[in-house]
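Accompanying notes for the structure given below.
Just so it is clear, none of the values below were taken in a lab; they were calculated from the coordinates. Values in this document were obtained by computation on a predicted structure and should not be read as measured data. For neighbour counting, all protein chains shown are included, and Cβ atoms are generated from backbone atoms with ideal geometry for every residue, glycine included.
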């Protein structure tokens, strides 16, 4: 008698963006595999890319679970994480990061201010 085993699982790509400055950390550790038998499938590969950026960007570790990226120009960047499991399945997650020009503080002086010395 032959036995047939069916393992149902899904690979999930997910990441967070920690944008505190022009250099931003991307973290894909929330990616994983659900369902199936524990240990059957696991994430073995990460790939960070960007689609149609307003300026080129470089990932510090484009094939690691987390990476830093530095933005040099304002605009909208679509960051894509593709994960691959040990069975060859892939999943992607995309997040949009909007980068704004740095606001330079300025003072507006209106009218006349009079200062008297003692």
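Gain in length, residue 16 to residue 74, computed as 0.36 nm per residue apart minus the alpha-carbon separation, to one decimal in nm?
Separation in residues times 0.36 nm, less the Cα-Cα distance, equals 18.9 nm.
Can you put 102, 42 in order, fewest other beta carbons within 10 Å first?
By the 10 Å Cβ count, ascending: 102, 42.
When 81, 87 are ordered from fewest to most other Cβ atoms inside 10 Å of their Cβ, what list results?
With the sparsest Cβ surroundings first, the list reads 87, 81.
What FRET efficiency, computed as 1/(1 + (r/R0)^6) with R0 = 22 Å and r the Cβ-Cβ distance, is obtained for residue 62 and residue 34, rounded to the nearest 0.05?
For residue 62 and residue 34, the calculated efficiency is 0.30.
Please order 57, 98 by the number of other Cβ within 10 Å, starting at the fewest.
Ascending number of Cβ neighbours within 10 Å: 98, 57.
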